[in-house]
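The values are calculated or read from the model by the stated rules, or taken from the named source; none is laboratory data. None of these values were measured; they are calculated from a predicted model. Cβ: placed from backbone, ideal geometry, glycine included. Neighbour counts: every protein chain shown.
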Amino acid sequence: MDRCVVLVDAGYLLGAAASLLAGEPARSRITVDHAALIQGLRERAEADTEQPLLRIYWFDGAPDRVPQPEHRRLRVMPRVTVRLGALTRSDGRWAQKGVDAAMHAELTELARNRACSDVVLVTGDGDLLPGLMSAKEHGVAVHLWAVQAADGDYNQSEDLVAEADERRVLDRAWITRAVRAKDLTGVCAPPPVPRPEIAAILSAPLPESALAASAERAAEAAAETAGVRNGSAARPSGTTAGSVASSGSAPSSGSPESTEPSANGSGAGVPAPAGGKVVPTPKDLAGLRGPAAPAPQPAATLRWSSDKGWIERPGAGTLGEPAETASLPTLAQLTSAEQRWADREEDITTVGGDPFEVGQVFARRWMERLPEQSHVQKLSTMYPRIPHRIDGELLRYAARFGLLAHKDDQIDEHDRYAIRAGFWREIDVRAAAEHAPAGE
């Protein structure tokens, strides 16, 4: 049968490309345009073999052989078949299992059934030597392709090279049409346009760390216990916040000598105001918001952040979330079942795995489905902090694009920045368009 077949060892192709472009074989160091890569392989195979393409077989490893996002995108492309081996982790490193055996079986079967006249192998593993020799014995011409080695030497088995009928090298110029290295030394996405409110936000005092808060609560509890032992005013479990009850020899309500441990955790008694009211403790404040706050916050406070927590302000919601963020709907709340299916199709077929692009796609869908476009302006005023619920949903969405691969189920911090930068860039474009004068 006069046609060609391409067998691709993805671990070799992408690992060698990462070594060439990024200096190390970690596939997390590169981003791949799979559609462009498949098109390049098809055109190169048809040109080299002078035969039409039958099919491209993509062999790769996956945890428990479960298709990853890149595999789902590949297997819906025309003339592409994905074969998965196992991906296991040992001593902190990932290793493919069963990929070579699957390639050997496919190569032998194609040759035995005379399904093609030419086979293109993109691999460097010498374990495929028996399969290559068997294919030749069945009258199939074997073309062996290599990725240009980073050190200028071979990155393939010499026995495999010697046995192949034809050999080609995919050089840097060809590789960079579909693969690029991530810039890990600087910003991998264009920085957002400077905003005037940034200086005010960054100059605001940061919230206390969890450790300091824990120490404060411990000191408060110790002071409270000491006050009870000394006969000072104590609050029974059934008393509401802000009131005080007498116990034992404690002075009567309203007495200027009534004391309560201070809110700063120092343990020193603070005279209670007339009427038996006392300064609430942090435990009291956990269930209250508003005038009972221990100290007013500056005008420019640090809003909700996925990594810094948030500062209390008047008007916060009942669940402890600022009112202006609680009113913002999530993408899941705005998406119907039909839209969810269409989104999945778009993610598989057209959306790449670039973190900046992922953030843009998420923001675009969110804005297009908002019932009120005033939400865009409200969110824009919170820059650079993304509300916690939306930020968590954004990172979960990004995880579907393989950004967790080979990173211990954690998105790289640099990728997180790029995801959020893409989100804000799309928000800024929409907000600027809405404010642009008519006719521009």
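Within the range 371-387, identify whether any single residue is part of a helix (DSSP H, G or I), of a type in the set (D, E, K, R) and surrounded by fewer than 16 Cβ atoms within 10 Å (Cβ to Cβ), and answer yes or no.
Step one: of the range 371-387, the residues part of a helix (DSSP H, G or I) are 374-380.
Then keep just the ones that are of a type in the set (D, E, K, R); that gives 378.
Checking the rest, the ones that are also surrounded by fewer than 16 Cβ atoms within 10 Å (Cβ to Cβ) come to 378.
Within the range 371-387, one or more residues are part of a helix (DSSP H, G or I), of a type in the set (D, E, K, R) and surrounded by fewer than 16 Cβ atoms within 10 Å (Cβ to Cβ).
When the residues of the range 62-76 are filtered to those that are among the basic types (K, R) and touching a residue at least 60 places away in the same chain (Cβ under 8 Å), the one that is nearest to L41 (Cα to Cα) is R73.
For D64, the conditions (1) in a helix (DSSP H, G or I); (2) on the phi < 0 side of the Ramachandran plot are fulfilled apart from (2). One residue stands out among those in the range 95-116 that are more than 42 Å from the chain's Cα centre (by Cα) and part of a helix (DSSP H, G or I): the one that is surrounded by the fewest Cβ atoms within 10 Å (Cβ to Cβ), which is R112. Within the range 77-99, the residues that satisfy the criterion of being in contact with a helix residue (DSSP H, G or I) (Cβ under 6 Å, 6 or more places away or on another chain) and in contact (Cβ under 8 Å) with a residue 40 or more places away in the chain are M77, V80, Q96.
Can you tell me which residue within the range 67-88, out of those that are assigned to a helix (DSSP H, G or I) and in contact with a Gly (Cβ under 7 Å, 6 or more places away or on another chain), is surrounded by the fewest Cβ atoms within 10 Å (Cβ to Cβ)? I'd like the intermediate steps shown before the answer.
Step one: of the range 67-88, the residues assigned to a helix (DSSP H, G or I) are 69-75.
So of that shortlist, the ones also in contact with a Gly (Cβ under 7 Å, 6 or more places away or on another chain) come out as 69-70.
Details: P69: 19, E70: 23.
If we take residues in the range 67-88 being assigned to a helix (DSSP H, G or I) and in contact with a Gly (Cβ under 7 Å, 6 or more places away or on another chain), then P69 is surrounded by the fewest Cβ atoms within 10 Å (Cβ to Cβ).
With respect to the conditions (1) over 32 Å from the mean Cα position of the chain (by Cα); (2) surrounded by 15 or more Cβ atoms within 10 Å (Cβ to Cβ), A149 lacks only one, and its number is (1). When the range 331-350 is filtered for residues that are surrounded by 12 or more Cβ atoms within 10 Å (Cβ to Cβ) and not in a helix (DSSP H, G or I), only T335 remains.
Among residues of the range 427-440 that are at pLDDT 60 or above, those with a Cβ under 7 angstrom from a residue that is assigned to a helix (DSSP H, G or I) and exposed (fewer than 15 other Cβ atoms within 10 Å of the Cβ), sequence gap 6+ or separate chain, pair up as A431/Q377.
Residue-wise test of (1) more than 25 Å from the chain's Cα centre (by Cα); (2) closer than 17 Å to A173 by Cβ; (3) at pLDDT below 90.
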| position | (1), (2), (3) |
| --- | --- |
| M1 | yes, no, yes |
| V5 | yes, no, no |
| P25 | no, no, yes |
| G40 | yes, yes, no |
| A47 | yes, yes, no |
| E50 | yes, no, no |
| L53 | yes, no, no |
| W58 | yes, no, no |
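Being without any contact (Cβ under 8 Å) to a residue 24 or more places away in the chain and either in a helix (DSSP H, G or I) or in contact with a Lys or Arg (Cβ under 6 Å, 6 or more places away or on another chain) (or both) narrows it down to one residue among A47, A36; which is it? Full working, then the answer.
Details: A36 fails: without any contact (Cβ under 8 Å) to a residue 24 or more places away in the chain.
Among A47, A36, only A47 is without any contact (Cβ under 8 Å) to a residue 24 or more places away in the chain and either in a helix (DSSP H, G or I) or in contact with a Lys or Arg (Cβ under 6 Å, 6 or more places away or on another chain) (or both).
Could you please let me know if D354 is touching a Ser or Thr at 6+ places or on another chain (Cβ under 8 Å) and outside the structural domain of S28 (by TED's automatic domain parsing)? Yes.
Taking the range 37-66 as the range and being closer than 23 Å to V358 by Cα and crowded, with 20+ Cβ neighbours inside 10 Å as the test, the residues that pass are L37, I38.
Of all the residues in the range 117-131, those that are surrounded by fewer than 16 Cβ atoms within 10 Å (Cβ to Cβ) and outside any helix (DSSP H, G or I) number 0.
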